[in-house]
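Student: Encoded as structure tokens, here's the structure I'll be asking about.
The values are calculated or read from the model by the stated rules, or taken from the named source; none is laboratory data. Predicted, not measured: the structure shown is a model, and the values here were computed from it. Neighbour counts are summed over all protein chains in view; Cβ atoms, including those assigned to glycine, are modelled from backbone coordinates with ideal geometry.
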Amino acid sequence: MKIKNYDGIIEHHKSVKSTNLMAIEKIQKNEDFDWLIADYQTDGRGRSSNVWDSPVGGLYATRVIKDNNLDYSHISQISILSSVIIAYTINKFIDGWNIKLKWPNDILIGGDKLCGILIQTLNHDNNFYIIIGFGINVKKPSVKTQGKYAYLGEINKEVIIDKLFDELIRNFNKIINKWDYGNNFEEFRNYWMKLSSDIGKQVTVVDQKTNKSGIFECIDESGNLILRIENDLIKINTGDVFLN
């Protein structure tokens, strides 16, 4: 898979409801772009429609991939890749810190959430699009936010959002190209498992229909969570993971 070997078409906005929502609207209007970035979002969303606090001082960006060689079967791998892209990116600024990855695509420092990722898909005008939204906490806001979060700027006060975004673009291009439609996924799968916060632990996986408890065994060659329940291995492709 080959992504353009440059930054692409980048649109910067002061304020949007959501960079992913704006991306979908622009696709439906047949507008050409690669990245959207905003200073803040008024209606930021995470997985399962969870609210993602998006005050000024964070990096809120969406990358769109238009590629008819991709389909829904690639989404779990791309979810894992997106976490790896962020891990590579923030490691540039806080090398040596204990970065952990939480399935499917959260990034933690000290047990607190530093970054969330929202992946959506769209079929439009006979083309398949994958919309990947990144929200990275950089500067700690003065107003109280919901939940426990980590902030990159609290660890390295020299972090500049523009440089962080440049590093994100560079790692996105490098990793997606190397992944090559899954031909080289194993390298990134192993990297993800090395940084996993939960592999080998007793967890409960919750989705909209069921709760399953067992040992988080690994992620498979597609990026699915493999849960050991007694002597059975169960494949899970969606849900939220909680330590027991």
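Student: Out of the range 192-206, which residues are of a type in the set (A, V, I, L, M) and under 15 Å from Ile109 (Cα atoms)?
Tutor: Hit for the range 192-206 is Leu195, nothing else.
Student: Does at least one position in the range 130-137 carry a residue that is farther than 30 Å from Asn30 by Cβ, under 15 Å from the mean Cα position of the chain (by Cα) and either at pLDDT 95 or above or surrounded by 14 or more Cβ atoms within 10 Å (Cβ to Cβ) (or both)?
Tutor: Within the range 130-137 (the criterion being farther than 30 Å from Asn30 by Cβ, under 15 Å from the mean Cα position of the chain (by Cα) and either at pLDDT 95 or above or surrounded by 14 or more Cβ atoms within 10 Å (Cβ to Cβ) (or both)), the answer is yes, since at least one residue qualifies.
Student: Could you check how many residues of the range 104-123 are surrounded by 17 or more Cβ atoms within 10 Å (Cβ to Cβ) and farther than 25 Å from Lys66 by Cα?
Tutor: Adding up the residues that qualify gives 5.
Student: Could you please find all residues in the range 208-230 being of a type in the set (Asp, Glu) and not in a loop (DSSP other than H, G, I, E, B)?
Tutor: Listed by number, the list holds a single entry, Glu217.
Student: From the list Phe188, Phe165, exactly one residue is over 29 Å from Asn224 (Cβ atoms) and within 15 Å of the chain's Cα centre (by Cα). Which is it? Explain how you work it out, then say what you get.
Tutor: Numbers: Phe188 fails: over 29 Å from Asn224 (Cβ atoms).
The unique qualifying residue is Phe165.
Student: I'd like the residue in the range 1-59 that is buried (at least 16 other Cβ atoms within 10 Å of the Cβ), within 25 Å of Gly182 (Cα to Cα) and of a type in the set (Phe, Trp, Tyr) and, out of all such residues, is modelled with the lowest pLDDT.
Tutor: Checking each candidate, the answer is Phe33.
Student: Of everything in the range 180-192, what is touching a helix residue (DSSP H, G or I) at 6+ places or on another chain (Cβ under 6 Å) and closer than 11 Å to Ile78 by Cα? Give them in sequence order.
Tutor: Within the range 180-192, Gly182, Phe185, Phe188 qualify.
Student: A follow-up question, please. Has the range 190-207 got at least one residue that is surrounded by fewer than 15 Cβ atoms within 10 Å (Cβ to Cβ), without any contact (Cβ under 8 Å) to a residue 24 or more places away in the chain, of a type in the set (D, E, K, R) and assigned to a helix (DSSP H, G or I)?
Tutor: Yes, that holds for at least one residue.
Student: With respect to Asn127, is the statement that it is crowded, with 18+ Cβ neighbours inside 10 Å, among the polar types (S, T, N, Q), in the same structural domain as Asp95 (by TED's automatic domain parsing) and under 24 Å from Gln77 (Cβ atoms) true?
Tutor: Working: crowded, with 18+ Cβ neighbours inside 10 Å: no; among the polar types (S, T, N, Q): yes; in the same structural domain as Asp95 (by TED's automatic domain parsing): yes; under 24 Å from Gln77 (Cβ atoms): yes.
So Asn127 does not fit the description; no.
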